[in-house]
Amino acid sequence: MDWKTHGIRIVRAGELDTNTPQTPGMTRAAAITHATAGASKLWAGTVVVQPDAKTGAHHHGELETVLYIVKGRARFRWGEKLEFVDEAGPGDFIYVPPYVPHQEINARGDEPVEAVVVRSGQEPVVVNLDIESPEPQSTAAEVFHPPRGPSQ
């Protein structure tokens, strides 16, 4: 085996690829993909959620997702009616199982949330759901992943 070519691959901070599906209020950048590192079963990158921004309800199909909060305070809602809620801060890991309806919210109005995201597959699956959020409207009231019904 040629370990020089097929061994460890370091993707430098300046090499992250923002040519990946984007949504208003957040910025995704891909780091580990098939194209950048030869990965076949994982996708990893970063996400930045702007102050007071939130997603609409959605899930990621059969993919498992792990987030690691680097900076800021993230609030997560999940369940059939987004009835469950918890928050995470720097150093916390969040696991999102397949098909779980959820919503991400920046819990603070004065700084972005910065996180590392790892998924169990390469497809950028986002299935938007028509679930009303119990989350109060913020002054910014910026919503990303707007509910539009199922799509991939």
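The values are calculated or read from the model by the stated rules, or taken from the named source; none is laboratory data. Note that this is a predicted model, so its numbers are computed, not measured. Here Cβ is always computed from backbone atoms with ideal geometry, including for glycine, and neighbour counts include all displayed protein chains.
List of remarks:
- Enumeration of residues in the range 47-80 that are at pLDDT 90 or above, surrounded by 18 or more Cβ atoms within 10 Å (Cβ to Cβ) and hydroxyl-bearing (Ser, Thr, Tyr): THR65
- Picking from residues in the range 1-20 that are aliphatic (A, V, I, L, M) and surrounded by 10 or more Cβ atoms within 10 Å (Cβ to Cβ), the one that is farthest from the chain's Cα centre (by Cα) is VAL11.
- Total residues in the range 21-33 satisfying the condition of being at pLDDT below 90, part of a loop (DSSP other than H, G, I, E, B) and surrounded by 12 or more Cβ atoms within 10 Å (Cβ to Cβ): the figure is 3.
- Pairing each residue of the range 25-43 that is closer than 22 Å to GLN103 by Cβ with any residue that is assigned to a helix (DSSP H, G or I) and not charged (D, E, K, R), provided the two are 6+ apart or on different chains, yields C-beta distances under 9 Å for TRP43/HIS34.
- Any chance GLU104 is over 16 Å from GLU123 (Cα atoms) and under 16 Å from the mean Cα position of the chain (by Cα): yes
- Conditions (1) surrounded by 14 or more Cβ atoms within 10 Å (Cβ to Cβ); (2) more than 15 Å from ALA115 (Cβ to Cβ): number failed by ALA44: (2)
- Single match in GLU87, GLU104 (criterion: without any contact (Cβ under 8 Å) to a residue 40 or more places away in the chain and acidic (Asp, Glu)): GLU87
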